[in-house]
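K.L.:
What follows is a single structure, and I will ask about it in a moment.
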């Protein structure tokens, strides 16, 4: 099996070689059903996903908007926790050893399991990176060393409000890629200002020598295309989850998994095609 952080680097290298931004969908593990997650992950890869961000259900997801909050609540109601998420990744890895998997969530589930136990198990099942919203660079402490020991990339959020000092701190310890939150607020909110994003990314790249993905507020092919002209990756979650949720509305439980997988992968494939055609010949992201 490839080294974890190598998978992330390889995914971005492939996208760059194909002269496009990488595509990173976010899904909430266990939503709409626990049995949906692994087949959905495979379907998203077939639809064009370069990296998958897999959300760990948590009862107080402070950075997430209502769509992702409801997805997490739904997963928790079905008994899904961090251990189940790790089992899902292990199952995914039995047939896909190439696609990078990044866990996204909050510190509490990791603290409950124990940082050392989590890092070891995450490495064993094939996790490539971890983005923990409430482990900022100033507070990640010993957990950073555990992640480095197990070759798991610590991935951090930056926002329009991030200071130069915060950007420098992230640049020193981040691995894999950096996730730029294009809007103030929670996921799924607001409208994108691509010009402002481009300006912010130039400031970030002064101190961060990693690919920069952009998320929050990307909801259709047009916004994905615009962001792909200035970012190394397009990160998209709320609209994808909303698309799957609407596809399941009114269906019997036994029909929901297939409906979610078909709707989600079809929608993401449209985004993938839009990104692939976005950059004109000779376009350089800087």
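The values are calculated or read from the model by the stated rules, or taken from the named source; none is laboratory data. As the structure is a computational prediction, the values presented were derived from the model and not from experiment. Cβ sites come from the backbone with ideal geometry, for glycine too, and all protein chains shown count toward neighbours.
K.L.:
Kindly indicate whether residue 204 is part of a helix (DSSP H, G or I), touching a helix residue (DSSP H, G or I) at 6+ places or on another chain (Cβ under 9 Å) and buried (at least 22 other Cβ atoms within 10 Å of the Cβ). Break it down stepwise before answering.
P.N.:
Details: part of a helix (DSSP H, G or I): yes; touching a helix residue (DSSP H, G or I) at 6+ places or on another chain (Cβ under 9 Å): yes; buried (at least 22 other Cβ atoms within 10 Å of the Cβ): no.
No; evaluated as a whole, the condition is false for this residue.
K.L.:
On the given criteria, is residue 224 closer than 22 Å to residue 65 by Cβ and either touching a strand residue (DSSP E or B) at 6+ places or on another chain (Cβ under 9 Å) or surrounded by fewer than 16 Cβ atoms within 10 Å (Cβ to Cβ) (or both)?
P.N.:
Here the answer is yes, as residue 224 does meet what is asked.
K.L.:
For the range 246-276, which positions are surrounded by 14 or more Cβ atoms within 10 Å (Cβ to Cβ) and not in a helix (DSSP H, G or I)?
P.N.:
251
K.L.:
I've got another one for you. Which ones in the range 88-133 are within 17 Å of the chain's Cα centre (by Cα) and surrounded by fewer than 16 Cβ atoms within 10 Å (Cβ to Cβ)?
P.N.:
The answer is 98, and nothing else.
K.L.:
For the range 188-200, check the following and say yes or no: at least one residue is surrounded by fewer than 18 Cβ atoms within 10 Å (Cβ to Cβ), more than 21 Å from residue 19 (Cα to Cα), in contact with a helix residue (DSSP H, G or I) (Cβ under 9 Å, 6 or more places away or on another chain) and in contact (Cβ under 8 Å) with a residue 12 or more places away in the chain.
P.N.:
So far as the range 188-200 goes, yes, one or more of its residues are surrounded by fewer than 18 Cβ atoms within 10 Å (Cβ to Cβ), more than 21 Å from residue 19 (Cα to Cα), in contact with a helix residue (DSSP H, G or I) (Cβ under 9 Å, 6 or more places away or on another chain) and in contact (Cβ under 8 Å) with a residue 12 or more places away in the chain.
K.L.:
To continue, here is another question. Quick one: which of 214, 170, 186, 197 is in a helix (DSSP H, G or I) and either modelled with pLDDT under 90 or within 19 Å of residue 26 (Cβ to Cβ) (or both)?
P.N.:
197
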